[in-house]
Amino acid sequence: MKIADVLSGRAGLEGIRWLLLAVPARNALKDQLRTLLPGGAAVELCLKEVRFKPGCKITAHYDALVTNKESPQDQQVRPVAVTWGPKAYAKQQEETVDLEKIQAEAASRGVAPVRPAARARHACRHLRVS
């Protein structure tokens, strides 16, 4: 199934279910979340809310249970918002460029590096995680 068909509404309810609930889609989302977390962290997702604007975007809100493998008893629940849309990648690309400029300037002045932004982009260019 194509994400463009889901976003346009042509794929119907089945397309939305596929995007939010299918194992490959959830694994891709978990992979993206793990890139934002310390190494070795495990993530489990609980879908809380979905908003669909046909032809525009799908926004899903999750509670992510994050477990650190070094200390399995240390679990945290973190809210996560995910947006799929044709413009999700473009805005994030601008934010990434701005962040890189800020980090470069901080390094040139000899100050502590700016903490990496808690955002990720997926190769499909339709996914934004924050």
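The values are calculated or read from the model by the stated rules, or taken from the named source; none is laboratory data. These numbers come from a predicted model, not from an experiment. Here the Cβ positions follow ideal geometry from the backbone for every residue, glycine too, while neighbour counts run over all protein chains shown.
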*asked:* Tell me whether region 10-32 contains one or more residues that are within 14 Å of the chain's Cα centre (by Cα), surrounded by 17 or more Cβ atoms within 10 Å (Cβ to Cβ) and at pLDDT below 85.
replied: no
*Would you mention how many residues in region 40-57 are in a strand (DSSP E or B) and of a type in the set (Gly, Ala, Ser)?*
2
*Does region 65-76 hold any residues that are at pLDDT below 90 and in a strand (DSSP E or B), and which are they?*
VAL66, THR67, ASN68, SER71, PRO72, GLN73, ASP74, GLN75, GLN76
_Output for region 18-39, where each listed residue is without any contact (Cβ under 8 Å) to a residue 24 or more places away in the chain, closer than 19 Å to VAL80 by Cβ and part of a helix (DSSP H, G or I)_ = VAL23, PRO24, ALA25, ARG26, ASN27, LYS30, ASP31, ARG34
*Lone unmet requirement of (1) surrounded by 18 or more Cβ atoms within 10 Å (Cβ to Cβ); (2) out of contact with any helix residue (DSSP H, G or I) (no Cβ under 9 Å at 6 or more places or on another chain); (3) among the hydroxyl-bearing types (Ser, Thr, Tyr) for THR59*: (1)
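Listed residues LEU37, LEU47, LEU99; which is closer than 30 Å to ILE3 by Cβ, at pLDDT 85 or above, surrounded by 12 or more Cβ atoms within 10 Å (Cβ to Cβ) and not polar (S, T, N, Q)? Spell out how you get there, then give the answer.
Working: LEU37 fails: at pLDDT 85 or above; LEU99 fails: at pLDDT 85 or above.
Just one listed residue meets the conditions, LEU47.
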*Determine whether region 113-125 contains at least one residue that is modelled with pLDDT under 60, assigned to a helix (DSSP H, G or I) and either out of contact with any Ser or Thr (no Cβ under 9 Å at 6 or more places or on another chain) or hydroxyl-bearing (Ser, Thr, Tyr) (or both).*
no
